[in-house]
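Step one of this worksheet: look at the structure below.
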Protein chains: 4
Amino acid sequence: MQRTVCSLIAAAGLAAGLSSGALAEDWYPSKWGADDEIGAANALSPEKVLEAAKLITAGKTYRMGVIVGRDTPAFPPRSLSVTITMPNQFGGATFGENGMSYVDDIFTGWLGIGTQIDSLAHLGIDGTFYNGRKAKDFVATTGVKKMGIEKIPPIVTRGVLLDMAKYKGKDRLEEGEVITVDDLKGAIEAQSVTPGEGDVIVLHTGWLSMLEEDPERFGSGEPGINSQGAEYLAGLGVVAVGADTWGVEAVPFDENGAVWGGHQVLLAKNGVYILETLDTRELVADGVKEFMFTLGQPLYRGAVQAIVNPVAIR
Amino acid sequence: MQRTVCSLIAAAGLAAGLSSGALAEDWYPSKWGADDEIGAANALSPEKVLEAAKLITAGKTYRMGVIVGRDTPAFPPRSLSVTITMPNQFGGATFGENGMSYVDDIFTGWLGIGTQIDSLAHLGIDGTFYNGRKAKDFVATTGVKKMGIEKIPPIVTRGVLLDMAKYKGKDRLEEGEVITVDDLKGAIEAQSVTPGEGDVIVLHTGWLSMLEEDPERFGSGEPGINSQGAEYLAGLGVVAVGADTWGVEAVPFDENGAVWGGHQVLLAKNGVYILETLDTRELVADGVKEFMFTLGQPLYRGAVQAIVNPVAIR
Amino acid sequence: MQRTVCSLIAAAGLAAGLSSGALAEDWYPSKWGADDEIGAANALSPEKVLEAAKLITAGKTYRMGVIVGRDTPAFPPRSLSVTITMPNQFGGATFGENGMSYVDDIFTGWLGIGTQIDSLAHLGIDGTFYNGRKAKDFVATTGVKKMGIEKIPPIVTRGVLLDMAKYKGKDRLEEGEVITVDDLKGAIEAQSVTPGEGDVIVLHTGWLSMLEEDPERFGSGEPGINSQGAEYLAGLGVVAVGADTWGVEAVPFDENGAVWGGHQVLLAKNGVYILETLDTRELVADGVKEFMFTLGQPLYRGAVQAIVNPVAIR
Amino acid sequence: MQRTVCSLIAAAGLAAGLSSGALAEDWYPSKWGADDEIGAANALSPEKVLEAAKLITAGKTYRMGVIVGRDTPAFPPRSLSVTITMPNQFGGATFGENGMSYVDDIFTGWLGIGTQIDSLAHLGIDGTFYNGRKAKDFVATTGVKKMGIEKIPPIVTRGVLLDMAKYKGKDRLEEGEVITVDDLKGAIEAQSVTPGEGDVIVLHTGWLSMLEEDPERFGSGEPGINSQGAEYLAGLGVVAVGADTWGVEAVPFDENGAVWGGHQVLLAKNGVYILETLDTRELVADGVKEFMFTLGQPLYRGAVQAIVNPVAIR
């Protein structure tokens, strides 16, 4: 899988020169002001929390994260490992009069694997990111100085699930299959719940079932939105757009030579967060269309992504 | 700080010989059966979720995680770093016709730093862990085979905060100051909310304020419970015991030569989870005693801990 | 390959109980004294250096290391990666008036991959290592306290290459093919150079050619010595035994249920170092039988192995 | 120390814009041709090996590497750790009928710490490196495609030590103290050995003694050459320039706003390797001026530096 994703990027080609250095004043201004670092998280509110709380009627929780490990397909060159050790207990030694034994774990790897949230520092256009910030100004090797993952407040709001597979009359969309703006509008119309300001929208494509069936194929392509779809969803005022795919966008890309244009629309132009590889299966099985979405991502200082496990409650 | 915590362990002494190899049949049987891997998480239920949902009246969320980074005090030899890179964008190169730029992050370090949850695979007695499982049978270098962090279901239930500092008439308890069983009972009586079956209990000691004041001192000791307190809290039927300290227990330990006896009681004997370095300050400032506690930990396969950020909602 | 090596170990079975705790007094005493940490490196001497220097007649150097990278087969769960970054030069930034640009590299992985030297702290018998040292006494999570890789002096001495493939009339020995004591004696007799006290002996089996042909097969087995061969070679007084295989010993093992018995003989009982995955091809092509062997391993404090690149000179 | 080195870089200032993109045709042409990747290593030869071998008269070896570990001062944000584990031997388990126990080690960190060699891919000018190669063309996250550390042949040649401390009548030069071209010429004249084509030249400043005395001060500055000195030494035709300092050049820099100008001269303009943090103490104590220099660096594919331990023999 890693090879295939690589080749897609290669096919799209590296830009011939250096970034064009668009000036900050040309940049898509944030509606939350020039100093804003959290984008659409500004749309979170007590009212949305209370609205979401009303959706809790069954007391059932859903974990939307997938298990991640050494074998999880990853966008190259990302990889991870967890290594287990029992520090200083070699030969079966224990600590203290009470024979304390303990196990510890070392994580070595990239934070953009499995279920993840993309911060606004993750992806931009020609070196410029959300609110006109330039990589050379805010990206540092020991942690981004702006828009880091630790800045994102708890995301507790209404979650709205759009079952795109059902809308298209399939169990699972195909790799490269584009969810168009009309598809999105149609699916919204077909279900009684309309996503809007401050919601988290989650697309179910069925693609996640491929992760177990054929991990390499899972990571080699995916169904999803394109830039137009991203514009449409951002226009609804949502806090985040998620999907049961590893990149939310249709891959191979449908746009001539462009890569991850939807990410640019969501993150860089609109400050909308992206949630990837969400497990939507049980929600779909239960016919859940709206729920309380809860996410508290680990607060790694200066990181740009985090492996997460959002919990849906209804 | 690292040195100090080390010396405490050294003072407690390494057990002279190898683990005594208690037989499984002698072991504290789990009330959820011999195959159980999730312990007190069995006490979670739709009823508890609905009970917790009723507590959401203001629509306010609280992040209970602290920011973790290179400078966060850690139990030695734990350490962590996040390293930022822009893969294959050297010299300012971008991808695609649309000039896609992106930032990635590598986490290298131990998972028991900052705000964390301890799984039932984290700590045991003489090499034996929850439900009589022996390290040599379930601990493997690439991930524990039982009771890994990925087994814990979403923890959504009532959270009960006990303000032990207020009960003792202080802003902050001192390192080594033991919260006794009587203290716990007194504080419960003093506030109108009684923790019980299926709750998450959180102790506020004020110690977290030391993290910014004097990180080395923060990590060198802490106020907290002892084994008796752990027995008492486990007896209440709670799912997890948390605190605004890095180890929940009083350090230096008050028990002669024993180390982390409270962990043994909670994790190994009773299957009760432990939550460390919780930020309780804003909850206390708002006078919150009960709330909806939500936690979806990252699902690292075979890990025994996770850096987390529980969200309190009320 | 990783699976296969794993299964071999599994087949050999884990010992049923804990280590038997042989007493230090029962242990194979070092001829260099009870405090000795460097074993056969004591046989190095100015005389051996001068003897080796006389072998330099052509002025040709040979690198005996192989290139190691992400794809190099490794004994599981070992793995490694090198990650390249240009620190704080995001968006093409440079440093200083003189436009300084620089590239750095992060190594994440295990030190026992590719061409390597095993220190005397690497492998033992029932938790006891060279000179009767017990794991619980000298192994620490942040570095071994005795016999670490940093203790080994420069190894500059005569290298003697035994072409075992030629002796057996083959280009390449097969996996599991045992080089017996008689084979060793026969090959020594067949060539005019006799290995002895203070030498480094290197076995050429031809197996390294499999590394490029079929990396998985390369790592799944190998020709080599067994415990008897190790005893014989140690008896010659050599400083180190090397081979063009990843483990020097025949795998699958020929000894009923025993694994790495030759390592135990060399490292633990005799203090003889082991050199693995040496590239002997060019030496063999040139018909070189003796040469100056030079090795300065990186001096990682407390490590037990090192990835190295010995240089042969003749 | 890390802070101090950082601040020096900060003081020098980041270039205001992106790299100026000098064309390859403007670049310092390599005398070894446009495809050359190894620079001055081309000056190595059998004749130089034989010349060096004649210097071996005492049979004494010197390790020129220092021990590196968690506490070794490092150019920020570089750091390293070695973590020791006994894989799958939890609770004292062993492998096989023969009770095989083993210890493994994980290295996590940057390769530019302690005694190191800089490859020609390490440092350049405005994003352009040796032989006019641009970062965007040859630097990749998983390893440089040109001039990687694995390309450097064994460096076995005459080593010439210049005792600059003695020449200046001191035990140790001071931080920021510049070794001028006249100093270099004077020291060469003062000793009977003249460095030339194909040699490795090593400067002894005495600064390494500061590593133990005051590690922070050691890393905060250093005596050394400047760009002019680098030009002079490169002009002699040497393969590599080394010193008993962490950066070979005088820090704070004497050149107005320029940083590591000497590195640019050596690596980028002339293809001359740099060796840092060499331990020259014992050579100086023995009055050694010329010796056989031997170095086989670990062959990490695509790395740009390596932690090494060159061995001097005389």
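The values are calculated or read from the model by the stated rules, or taken from the named source; none is laboratory data. Computed from a predicted model, the values in this text were never measured in an experiment. For neighbour counting, all protein chains shown are included, and Cβ atoms are generated from backbone atoms with ideal geometry for every residue, glycine included. With ligands, DNA and RNA removed, areas are computed over all heavy atoms of the protein, side chains included. Shrake-Rupley method; radii C 1.70, N 1.55, O 1.52, S 1.80 Å.
Does the stretch D:78-85 contain any residue that is touching a helix residue (DSSP H, G or I) at 6+ places or on another chain (Cβ under 7 Å), more than 24 Å from D:VAL200 (Cβ to Cβ) and either surrounded by fewer than 22 Cβ atoms within 10 Å (Cβ to Cβ) or aliphatic (A, V, I, L, M) (or both)?
So the first thing to find is which residues in the stretch D:78-85 are touching a helix residue (DSSP H, G or I) at 6+ places or on another chain (Cβ under 7 Å), and the list is none.
There is no residue in the stretch D:78-85 that is touching a helix residue (DSSP H, G or I) at 6+ places or on another chain (Cβ under 7 Å), more than 24 Å from D:VAL200 (Cβ to Cβ) and either surrounded by fewer than 22 Cβ atoms within 10 Å (Cβ to Cβ) or aliphatic (A, V, I, L, M) (or both).
Within the stretch B:15-32, take every residue that is within 24 Å of the chain's Cα centre (by Cα) and of a type outside the set (S, T, N, Q) and give me the one that is modelled with the lowest pLDDT.
Keep residues of the stretch B:15-32 that are within 24 Å of the chain's Cα centre (by Cα), which gives B:27-32.
Still in the running and of a type outside the set (S, T, N, Q): B:27-29, B:31-32.
Numbers: B:TRP27: 87, B:TYR28: 96, B:PRO29: 95, B:LYS31: 95, B:TRP32: 97.
Step by step, filter the stretch B:15-32, then rank; the result is B:TRP27.
Give, as residue ranges, the helices (runs of 4 or more DSSP H) completely inside the stretch D:196-278 that count at least 1 residues that are basic (Lys, Arg).
Numbers: elements: D:209-213, D:215-220, D:227-235.
Output list reads D:215-220.
What are the pairs with Cβ atoms under 8 angstrom where one residue, in the stretch A:102-121, is at the interface with chain B (Cβ under 7 Å from one of its Cβ atoms) and the other, located anywhere, is small (Gly, Ala, Ser) and open to solvent by 10 Å² or more (accessible area, probe 1.4 Å)? Sequence gap at least six, or different chains.
Here the result reads A:PHE107/A:SER81; A:THR108/A:SER81; A:GLY109/A:SER79; A:GLY109/A:SER81; A:TRP110/A:SER79, each pair linking the stretch A:102-121 to a residue that is small (Gly, Ala, Ser) and open to solvent by 10 Å² or more (accessible area, probe 1.4 Å).
Please pick out the residue among D:LEU233, D:LEU278 that is surrounded by 24 or more Cβ atoms within 10 Å (Cβ to Cβ), touching a residue at least 24 places away in the same chain (Cβ under 8 Å) and away from chain C (no Cβ under 13 Å).
Only one candidate passes the filter, namely D:LEU233.
Would you check if there is a residue in the stretch C:28-36 being of a type in the set (Asp, Glu) and over 30 Å from D:GLY92 (Cα atoms)? Spell out how you get there, then give the answer.
The initial filter retains those residues of the stretch C:28-36 that are of a type in the set (Asp, Glu), namely C:35-36.
Retained after the next criterion (residues that are over 30 Å from D:GLY92 (Cα atoms)): none.
No, there is no match, as no residue in the stretch C:28-36 is of a type in the set (Asp, Glu) and over 30 Å from D:GLY92 (Cα atoms).
Has the stretch C:284-306 got any residue that is open to solvent by 10 Å² or more (accessible area, probe 1.4 Å), closer than 19 Å to C:MET164 by Cα and under 18 Å from the mean Cα position of the chain (by Cα)?
Checked against the condition, which is being open to solvent by 10 Å² or more (accessible area, probe 1.4 Å), closer than 19 Å to C:MET164 by Cα and under 18 Å from the mean Cα position of the chain (by Cα), the stretch C:284-306 yields no hits at all.
Of all residues in the stretch C:139-165, which are facing chain D (nearest Cβ under 9 Å) and either among the hydrophobic types (A, V, I, L, M, F, W, C) or more than 25 Å from A:THR94 (Cβ to Cβ) (or both)?
If the condition is that a residue be facing chain D (nearest Cβ under 9 Å) and either among the hydrophobic types (A, V, I, L, M, F, W, C) or more than 25 Å from A:THR94 (Cβ to Cβ) (or both), then C:VAL139, C:ALA140, C:VAL144, C:ILE149, C:GLU150, C:PRO153, C:PRO154, C:ILE155, C:VAL156 are the ones that fit.
Just to verify a result, which residue in the stretch A:283-314, among those that are touching a Leu at 6+ places or on another chain (Cβ under 7 Å), more than 7 Å from chain B (Cβ to nearest Cβ) and assigned to a strand (DSSP E or B), is nearest to A:SER81 (Cα to Cα)?
My answer is A:ALA306.
Out of the stretch C:154-192, which residues are touching a Leu at 6+ places or on another chain (Cβ under 8 Å) and open to solvent by 10 Å² or more (accessible area, probe 1.4 Å)? I'd like the intermediate steps shown before the answer.
Narrowing the stretch C:154-192 to residues touching a Leu at 6+ places or on another chain (Cβ under 8 Å): C:154-158, C:161-162, C:164-165, C:179, C:184, C:187-188, C:191.
Result: C:PRO154, C:ARG158, C:ILE188, C:GLN191.
Quick check on C:THR142: is it open to solvent by 40 Å² or more (accessible area, probe 1.4 Å), in contact (Cβ under 8 Å) with a residue 40 or more places away in the chain and on the phi < 0 side of the Ramachandran plot? Before the answer, list the steps.
Numbers: open to solvent by 40 Å² or more (accessible area, probe 1.4 Å): yes; in contact (Cβ under 8 Å) with a residue 40 or more places away in the chain: yes; on the phi < 0 side of the Ramachandran plot: yes.
Considered against the rule, which asks whether it is open to solvent by 40 Å² or more (accessible area, probe 1.4 Å), in contact (Cβ under 8 Å) with a residue 40 or more places away in the chain and on the phi < 0 side of the Ramachandran plot, C:THR142 comes out as yes.
In the stretch D:36-79, what count of residues is obtained for those that are in a loop (DSSP other than H, G, I, E, B), at the interface with chain C (Cβ under 7 Å from one of its Cβ atoms), of a type outside the set (Gly, Ala, Ser) and within 30 Å of C:VAL49 (Cα to Cα)?
4
Check the stretch D:76-98 and report whether any residue there is within 30 Å of B:GLY124 (Cα to Cα), under 25 Å from the mean Cα position of the chain (by Cα) and at pLDDT 95 or above.
yes
Looking at (1) closer than 16 Å to A:ASP279 by Cα; (2) open to solvent by 10 Å² or more (accessible area, probe 1.4 Å), can you tell me which one A:TRP207 breaks?
(2)
Condition check ((1) of a type in the set (Gly, Ala, Ser); (2) open to solvent by less than 20 Å² (accessible area, probe 1.4 Å)) across all residues:
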| position | (1), (2) |
| --- | --- |
| C:ALA34 | yes, no |
| C:ALA40 | yes, yes |
| C:PRO46 | no, no |
| C:VAL49 | no, yes |
| C:LYS54 | no, no |
| C:THR57 | no, no |
| C:GLU97 | no, no |
| C:TYR102 | no, yes |
| C:LEU120 | no, yes |
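Of these, D:GLY221, D:GLY242, which one is over 22 Å from D:GLU290 (Cα atoms), out of contact with any helix residue (DSSP H, G or I) (no Cβ under 7 Å at 6 or more places or on another chain) and open to solvent by less than 10 Å² (accessible area, probe 1.4 Å)?
Going through D:GLY221, D:GLY242 in turn, the sole match is D:GLY221.
Yes or no: B:ALA10 farther than 22 Å from B:PHE129 by Cα and at pLDDT below 95?
Numbers: farther than 22 Å from B:PHE129 by Cα: yes; at pLDDT below 95: yes.
Considered against the rule, which asks whether it is farther than 22 Å from B:PHE129 by Cα and at pLDDT below 95, B:ALA10 comes out as yes.
Provide a single number: the residues in the stretch D:128-138 that are within 12 Å of chain A (Cβ to nearest Cβ) and either within 20 Å of the chain's Cα centre (by Cα) or open to solvent by 10 Å² or more (accessible area, probe 1.4 Å) (or both).
3
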